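Here's the structure, in structure tokens; my notes come after.
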Amino acid sequence: MIGVGIETSCDETSIGIVRDGRELLSLRIFSQIDLHKPYGGIVPEIASRAHLEKINPLLEEAMEEARVSFEDLEYVAVTSSPGLTGSLMVGAQLARCIHLVYGTPILPVCHLQSHFAVLHLEGVPTQFPALGLLLSGGNSAIYILHEFGRMELLGDTMDDALGEAFDKVAGLLGLSYPGGPEIEAKAQEYRPSSDETPILPPLLRNLPQDRVSFSFSGLKTAVMVLLEKEKDRSAEQVCWNFQNSAFDLVERNLKRAVALTGIRRIYAAGGVLANSTLQKRLQSWAERNSVELFSPKKKIYCTDNGAMVATLGYYLFRKGYKRDIDFTVSPSRQEIFS
Ligand code: KG4
């Protein structure tokens, strides 16, 4: 069964075409990073205009590469929440057009769930329940994944998302947007001494001790205070310490999530998983704790993409899920499809 996935929730315009939820036939992504860079963050109006310009050419290219026609597409999956409303509407309209002309069933899907579904394109078995760790520009959360279309929030961030913290700390250090890759590169250049002590206060102190909970805005403020007080600290040392503090908190929350639920299979996803230091740390933590942890091997699958939408669409379609043409889009993460 061949299906197409449309992703326009934020700053990537993307089309993915997938066979049987396991085989990628084509993936086209237009990243808007250069359009938003001058503003140090995403400008919603610029985002929706760029989606509008790019979406049709990307669909044509993807279909050409996959060697499929509209008649071959058995479903059209589209991100409908959460995201920027104006941007989501662009993808939704394309899905509606395909449906109107070819009668292709429409599956509006949740962006957050689709981040986890992409793992099945890399051969990860579809087994539930699992824990879902999502770390991106807008999310830092752990979910219980019950099945495709049903997930439950276990713990969230109280303020900034981890990717957002990377972006803000990069801004403080004069590094460009998006901050994640820049900070990772600087941190990798740093050679800590064997008795290195942290230069940032531990994150864990003020957080609830009995549940899964993230908070990164205090860490960003700690970096700001440090840079004001100690102007000669190298950016490399600051980045290394920032990453370590942030990743300590991720690890602690995973440990807590496993203890609270007894679930020992973790799907990790989102833009921040492109960080190879984080991937290595999570893998080694999982091995030490007899937990199975899966994260995207290809960096392209960490970022927002149409393949993840098409993959989730496949598994939902098999369950009989589809929606009428008057489906709505939503900025908030409210819809749990079942
Ligand atoms: O999932 P994603 O592509 O989209 C949104 O949530 O919008 O995540 C983007 C986020 C950005 O905040 C970016 O700084 C972060 O992922 N990111 C990284 C790395 N690459 C991207 N964070 C840490 N290390 C990286 N290598």
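Readers should treat all values here as calculations from the given coordinates under stated rules, not as data from a laboratory. As the structure is a computational prediction, the values presented were derived from the model and not from experiment. Positions of Cβ are backbone-derived with ideal geometry, glycine not excepted, and every protein chain shown enters the neighbour counts.
Quick look at the numbers
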item: Nearest 10 degrees, 0 to 90: helix 85-102 Cα axis against the chain principal axis; result: 20 degrees
item: Estimated FRET transfer efficiency when R0 is 30 angstrom, pair residue 283-residue 318 (beta carbons, to 0.05); result: 0.45
item: Förster radius 25 Å - calculated FRET efficiency between residue 146 and residue 210, Cβ distance, rounded to 0.05; result: 0.65
item: Charge dipole (debye, nearest 20) of the chain; +1 at Cβ of Lys and Arg, -1 at Cβ of Asp and Glu; result: 780 debye
item: Two-site FRET efficiency, residue 191 against residue 300, from Cβ-Cβ distance with R₀ of 30 Å, rounded to 0.05; result: 0.50
item: Helical contribution to [θ] at 222 nm, DSSP H n ≥ 4, -39,500 (n - 2.57), averaged over the chain, rounded to 500; result: -13500 deg cm²/dmol
item: Rg to Rh, two decimals, where segment 127-297 supplies the alpha carbon set and Rh follows Kirkwood; result: 0.97
item: Listed pairs 229/299; 37/299; 231/297; 229/280 exceeding 29 Å between Cα atoms; result: 229/299; 231/297; 229/280
item: Ratio Rg/Rh [Cα only; Rh per Kirkwood] for segment 116-194; result: 1.10
item: Cα-projected label distance for residue 260 with residue 69, points at 7 Å along beta-carbon direction, nm; result: 5.2 nm
item: Cα-based convex hull volume of the chain per residue, rounded to whole Å³; result: 127 Å³
item: Segment 9-20 - phi-based ³J(HN,Hα) in whole Hz, Karplus 6.51/-1.76/1.60, Gly and Pro as x; result: 6, 9, 10, 10, 9, 8, 10, x, 10, 10, 9, 6
item: Computed label-point distance, nm, for sites residue 22 and residue 100 using a 7 Å Cα→Cβ extension; result: 3.7 nm
item: Overall Cα dimensions of segment 196-302, principal axis frame, Å, largest first; result: 44, 34, 23
item: Normalised contact order of segment 127-297, rounded percent, pairs of Cα under 8 Å and 6 or more residues apart; result: 27 percent
item: The chain, relative contact order [Cα under 8 Å, separation at least 6], %; result: 27 percent
item: With Cα atoms, 0 to 90° folded angle of helix 179-189 axis to the chain main axis; result: 40 degrees
item: Loop-located GluC sites (Glu not before Pro) in segment 216-301 whose Cβ has at most 14 other Cβ within 10 Å (DSSP); result: 230
item: Between helix 217-229 and the chain: long-axis angle, C-alpha atoms, 0 to 90°, nearest 10; result: 40 degrees
